[in-house]
Amino acid sequence: MFESLLGLEALWLLLPVAAGTGWLAARGATRQISRKRETGSLRSDYFQGINYLLNEQPDKAIEVFIKLIEVDSETVETHLALGNLYRRRGDVDRAIRIHQNLIARESLNVSQRTEALLELGQDYMSAGLLDRAEDLFRELAEDADYRVQALRQLIDIYEQEKDWPKAIASARKLEKATGNQLGWIIAHYCCEQARRHGVEGDHVRALKHVQQARHVHPACVRASLIEADIQAEQGEHERAIRALQRVEEQDSDFLPETVDRLHRSFQALDRIDALDEYLSKLMRRYGWISVTLTLADIKRTAHSRREAIRFLTERLRQRASVRGLDRLLDLEIEDQRDSDAIDEHLEILKGLTAELLFERPAYKCRHCGFPAKSLHWQCPSCKHWASIRPIQGVEGE
């Protein structure tokens with residue numbers, strides 16, 4: 001089915017090419033006669049190409065039309081269209097040959113050659129030949145008419161190669177070329193470097209990149225989370241807490257990402273009462289279920305299971321939540337198990353909530369709708385940065 005759709009698409013796309021070929025063939029008939037005296041052969045080939053189209057054999061038709069069309073100033077666009085069609089259909093090798101053949105022609109003017117270089121660079125990208133594509137786009141970035149498009153392609157290449165210094169340099173050039181601020185993306189490139197150094201155990205360089213991220217984009221939540229993780233790992237829990245509390249001002253939607261981290265650092269400092277006070281303020285302001293569940297855990301540890309049950313019950317009356325109900329059922333079943341009087345209905349409900357939570361994503365991309373169970377700073381689907389956010393509502397936060 002898929003192949004037939006591709007064939008149909010190619011058929012429609014090639015009809016204008018066929019018409020153009022016929023026009024060019026007719027227009028250049030006199031020239032062809034005087035040079036090769038093959039008018040009959042030209043006409044025969046043209047109708048053969050049309051026959052291939054009508055029989056839904058676009059590959060054979062393309063071969064015929066490529067042979068028919070002489071590369072000159074009037075047929076360059078046709079060759080570019082054919083190469084683009086091949087690339088869209090996945091035949092990248094053939095697209096590369098067509099565009100390389102165009103570039104080799106001395107008859108092309110500067111604009112036509114640049115357009116062919118751009119298409120060839122996209123061919124290389126599709127083929128995974130990133131080094132060749134990089135060379136072409138770096139050349140094109142020197143042309144004012146193609147600079148923006150070339151820089152965007154270079155940024156894509158550097159993201160794939162995880163060459164963050166080059167990605168930052170290209171993003172700054174794109175900022176200058178377009179006038180658009182890209183600090184929020186550059187901050188993520190800095191965070192990628194910080195994360196890499198953090199994994200290697202080089203906390204000094206990691207924190208340096210975190211500071212760079214905050215400098216270019218003060219509202220970068222990711223930088224604060226990375227800083228908190230590094231400080232906590234080094235035992236600097238006061239600094240970790242300050243970094244985490246910064247998130248409320250940066251983007252309150254990401255407060256749930258701070259709760260477990262805050263719990264660990266306050267606990268390490270033996271300041272659970274201070275955590276209780278801080279989280280209670282957040283709960284009243286935003287009502288996130290992650291905050292509520294942590295408060296319930298604190299009450300269970302500091303007081304009793306029944307106290308945690310009463311607290312959760314009251315909160316669920318004010319704000320419904322599947323995650324909250326699931327935790328409440330856990331506590332109720334534990335409480336009944338201690339008294340050897342377990343209500344089977346509670347276990348059935350617990351099974352339902354557990355299944356609902358298992359199947360539901362916790363995050364979603366605001367750009368393409370990609371669902372995820374863990375937080376991605378770059379969407380795996382559409383590749384946008386900072387577009388994935390926690391899901392809110394009954395089944396989310």
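The values are calculated or read from the model by the stated rules, or taken from the named source; none is laboratory data. Predicted, not measured: the structure shown is a model, and the values here were computed from it. Here the Cβ positions follow ideal geometry from the backbone for every residue, glycine too, while neighbour counts run over all protein chains shown. All accessible areas refer to the heavy atoms of the entire protein, side chains included, with ligands and DNA or RNA removed. Shrake-Rupley method; radii C 1.70, N 1.55, O 1.52, S 1.80 Å.
So here's what we get for this one:
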| item | result |
| --- | --- |
| Those chymotrypsin sites (Phe, Trp or Tyr not before Pro) in segment 247-285 that DSSP places in a loop and that have at most 10 other beta carbons within 10 Å | none |
| Projected-area average for segment 64-207 over all orientations - Cα convex hull basis, square nanometres | 10.2 nm² |
| Global geometry of segment 182-259, whether rounded, prolate or oblate, following the gyration tensor of its Cα atoms and the 1.5 cut on a/c | oblate |
| Neighbourhood net charge (15 Å Cβ-Cβ; Lys/Arg +1, Asp/Glu -1) for residue 268 | -2 |
| At 1.002 mPa s and 20 °C, Stokes D of segment 164-306 from Kirkwood alpha-carbon radius, µm² per second | 131 µm²/s |
| Fully extended contour minus Cα-Cα distance, from residue 372 to residue 93, at 0.36 nm per residue | 96.9 nm |
| Rg/Rh for segment 318-397, where both radii come from Cα atoms and Rh is the Kirkwood radius | 1.16 |
| Above-threshold pairs, the threshold being 24 Å between Cα atoms, out of 173/383; 166/208; 299/364; 350/373 | 299/364 |
| Phi to ³J(HN,Hα) by Karplus 6.51 cos²θ - 1.76 cosθ + 1.60 over segment 202-219, Hz, x for Gly, Pro | 8, 5, 5, 5, 4, 5, 4, 5, 4, 5, 5, 4, 5, 5, 7, 8, x, 8 |
| Residue 354 paired with residue 211, simple spin-label distance in nm, labels 7 Å along Cα-to-beta-carbon | 4.9 nm |
| Cα pair distances in segment 228-347, grouped into 10 Å bins until the bin that holds the longest one, percent each | 13, 40, 30, 14, 3 |
| Ranked packing of 155-162, 389-396, 369-376, most packed first, by mean Cβ within 10 Å | 155-162, 389-396, 369-376 |
| Karplus 3J(HN,Hα) series, Hz, for segment 178-191 with 6.51 cos²θ - 1.76 cosθ + 1.60 (x for Gly, Pro) | 9, x, 8, 6, 10, x, 5, 7, 4, 4, 5, 5, 4, 5 |
| Solvent-accessible area per residue, Å², over segment 323-397 with all protein chains present [probe radius 1.4 Å] | 60 Å² |
| FRET efficiency estimate (nearest 0.05) - Cβ-Cβ, residue 177 to residue 103, R0 35 angstrom | 0.90 |
